[in-house]
Amino acid sequence: MAVGNVYKYHFGSSSGYQYNYKIRIVKDTIINSRRYFVASNYFPGSIGQVLRLDSNSGNLYVRSSSYCSYSPFEELTDSLRARRGDSTLVCTSYVPKHYCIDTGYSTLFGIQIKGKTFKRSTTESTTTVTYGMNFGILFATYSDFWALASESLLGCYVNGVLYGDTVLTDVENISSEMPTSYALSQNYPNPFNQTSIFKFQCSMKGHVNVSVYDITGREVRTLVNETLQPGTYEVRFDGSELNSGVYFVRMTAGEFTDTKRMVLLK
């Protein structure tokens with residue numbers, strides 16, 4: 001878990017309702033000498049938005065207003081070091097225990113990922129969540145009297161490496177006010193050492209592409225390649241794997257095209 005990681009999930013239900021959504025680790029914060037990570041949305045399985053992973057025990061905690069004697073103001077969700085048959089320790093009657101039901105492998109993005117699957121059940125519903133080592137949550141399923149639903153990881157940008165969905169981007173809508181025109185702002189900082197941020201505007205809903213090219217005109221990175229609503233956006237560019245030099249970022253949206261020059265210095 002690290003600030004800047006992005007995860008793209010697909011949600012689908014037996015009723016036919018489906019959509020894709022993204023979750024970004026937006027910041028970390030220290031509360032009572034403990035380091036938490038804040039996500040832009042809830043992770044599958046309603047895991048939460050303010051999370052802490054204990055590196056010693058492998059326990060995943062969610063920040064909570066309830067008071068548990070073993071860990072005040074947070075709830076133990078799952079233990080990534082659990083063995084099959086282990087269960088979580090909960091201190092409230094309305095929170096069902098998670099039981100580790102599988103410790104096998106999952107194949108995703110063309111690779112085998114070691115995982116653990118947890119299950120929690122009530123009289124009305126059952127939820128399962130599968131974690132993948134070094135990836136986070138891979139799958140979640142939900143069942144009750146009325147419907148079945150599932151969520152699956154389509155792609156992720158984890159610790160500087162992109163897996164799966166090639167249109168996955170670290171793009172954030174920072175304003176829903178409708179701009180009067182398309183625009184691409186100069187990246188900042190510029191020159192930059194490793195990462196830099198671009199701001200751009202969309203005046204209407206449509207497909208937007210923002211890509212980075214080297215001085216020879218070769219495309220080296222796709223930052224945005226998706227349909228966006230009107231608004232102002234920011235996207236982070238990580239050039240840690242590229243050589244120092246001059247690069248260009250180009251935005252295209254309908255008939256709009258603009259290019260900015262940037263310098264990567266290491």
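The values are calculated or read from the model by the stated rules, or taken from the named source; none is laboratory data. This one's a predicted model, so the numbers in the text were calculated from it and none came from an experiment. With ideal geometry, Cβ positions are generated from the backbone for all residues, glycine too; neighbour counts draw on all protein chains shown.
One residue alone among T216, T227, T257 is outside the structural domain of Q112 (by TED's automatic domain parsing) and not in a strand (DSSP E or B), and that residue is T216. Within the stretch 65-79, the residues that satisfy the criterion of being under 16 Å from G48 (Cα atoms), in contact (Cβ under 8 Å) with a residue 12 or more places away in the chain and surrounded by fewer than 17 Cβ atoms within 10 Å (Cβ to Cβ) are S66, F73.
Within the stretch 84-98, which residues are in contact with a Lys or Arg (Cβ under 9 Å, 6 or more places away or on another chain) and part of a loop (DSSP other than H, G, I, E, B)?
Let us first name the residues in the stretch 84-98 that are in contact with a Lys or Arg (Cβ under 9 Å, 6 or more places away or on another chain), namely 84, 87-90, 95-98.
Correct list: R84, T88, L89, V90, V95, P96, K97, H98.
Scanning the stretch 69-112 for residues that are of a type in the set (G, A, S) and at pLDDT 85 or above turns up S79, A82, G85, S87, G104, S106, G110. Among the residues making up the stretch 3-23, those that are touching a residue at least 40 places away in the same chain (Cβ under 8 Å), farther than 17 Å from E172 by Cα and out of contact with any Phe, Trp or Tyr (no Cβ under 7 Å at 6 or more places or on another chain) are H10, G12, S13, S14, S15.
Might you let me know whether the stretch 97-114 holds any residue that is among the small types (G, A, S) and within 20 Å of the chain's Cα centre (by Cα)?
Quick first cut of the stretch 97-114, residues among the small types (G, A, S) only: 104, 106, 110.
When the remaining residues are screened for being within 20 Å of the chain's Cα centre (by Cα), the result is 106, 110.
Yes.
For beta carbons closer than 8 Å, sequence separation of 6+ or different chains, a first residue in the stretch 40-56 that is in a strand (DSSP E or B) and a second that is among the basic types (K, R), the qualifying pairs are V50/R63; L51/R63; R52/R34; R52/R35; R52/R63.
Hey, among the residues in the stretch 1-37 that are exposed (fewer than 15 other Cβ atoms within 10 Å of the Cβ) and of a type in the set (K, R), which one's farthest from the chain's Cα centre (by Cα)? Here the answer is R34.
Here is a check on your reading of the model: is V210 modelled with pLDDT of 90 or more, surrounded by 13 or more Cβ atoms within 10 Å (Cβ to Cβ), more than 30 Å from M133 (Cβ to Cβ) and under 20 Å from the mean Cα position of the chain (by Cα)? Yes, satisfied.
So for the stretch 38-46 (the condition being modelled with pLDDT under 90, surrounded by 14 or more Cβ atoms within 10 Å (Cβ to Cβ), within 16 Å of F139 (Cα to Cα) and over 18 Å from the mean Cα position of the chain (by Cα)), does at least one residue qualify? No: zero hits.
Please pick out the residue among V208, V129 that is touching a Phe, Trp or Tyr at 6+ places or on another chain (Cβ under 7 Å) and among the β-branched types (V, I, T). Criteria check complete, one pass: V129. When the stretch 86-117 is filtered for residues that are touching a residue at least 12 places away in the same chain (Cβ under 8 Å) and within 16 Å of V62 (Cα to Cα), the ones remaining, listed by number, are T88, L89, V90, C91, T92, V95, P96, K97, H98.
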